[in-house]
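**Student:** The following block contains the structure, expressed as C-alpha cells.
The values are calculated or read from the model by the stated rules, or taken from the named source; none is laboratory data. All values reported here derive from a predicted model rather than from experimental measurement. Here the Cβ positions follow ideal geometry from the backbone for every residue, glycine too, while neighbour counts run over all protein chains shown.
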Amino acid sequence: MGKKAILLIWLLLCHLGNFADLALTLYAISHGVQEANPLMAYLLDMSPFLFGATKLLLFSLAIEYIAKRKPIILKPIALCYMLVTAWHLSFVFYL
C-alpha cells in the first residue's frame, strides 16, 4: 500500500472518530451529561442540529487543512479520537 493510501486511511479514521465523538456526545447529553465546551454548549442550547453541523464542518475544514500541510500528524489525531471514542463508550454502560 502506498504512502498516499495510508494517509487517506488515517484521514478517514479522523473523520470517523469525529463523527463517533459527535454521536456519543449527543447520546450522553440526552442522558443528562453537560457539554464541557462553553461555545459548543451554547450551540447545543440553540439547536442540536446546529451543534452537530458546526462540529462536523469545523473539524472537516481543520483536518483537511492539516492533511494538506502536515499529513504526518493525521495518525496521532486519529489515535486521539480513538481514545476519545473508547472513553465515551466506557460511559455508555453507566448512563
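**Student:** Which one of these is touching a residue at least 24 places away in the same chain (Cβ under 8 Å) and not polar (S, T, N, Q): Ile9, Ile77, Ile73?
**Tutor:** The conditions single out Ile77.
**Student:** Something else: Pairs please, first residue from segment 33-49 and under 14 Å from Leu22 (Cα atoms), second anywhere and of a type in the set (A, V, I, L, M) and part of a loop (DSSP other than H, G, I, E, B), Cβ atoms under 8 Å, 6+ apart in sequence or on different chains.
**Tutor:** From residues that are under 14 Å from Leu22 (Cα atoms), the pairs are Val33/Leu95.
**Student:** Follow-up. What number of residues in segment 69-82 are loosely packed, with under 12 Cβ neighbours inside 10 Å and either modelled with pLDDT of 95 or more or not in a helix (DSSP H, G or I) (or both)?
**Tutor:** 3
**Student:** Looking only at segment 16-54, which residues are touching a helix residue (DSSP H, G or I) at 6+ places or on another chain (Cβ under 6 Å) and not in a helix (DSSP H, G or I)?
**Tutor:** If the condition is that a residue be touching a helix residue (DSSP H, G or I) at 6+ places or on another chain (Cβ under 6 Å) and not in a helix (DSSP H, G or I), then Glu35 is the only one that fits.
**Student:** Assess whether Tyr42 counts as being exposed (fewer than 11 other Cβ atoms within 10 Å of the Cβ) and more than 10 Å from the chain's Cα centre (by Cα).
**Tutor:** No: the conditions fail for Tyr42.
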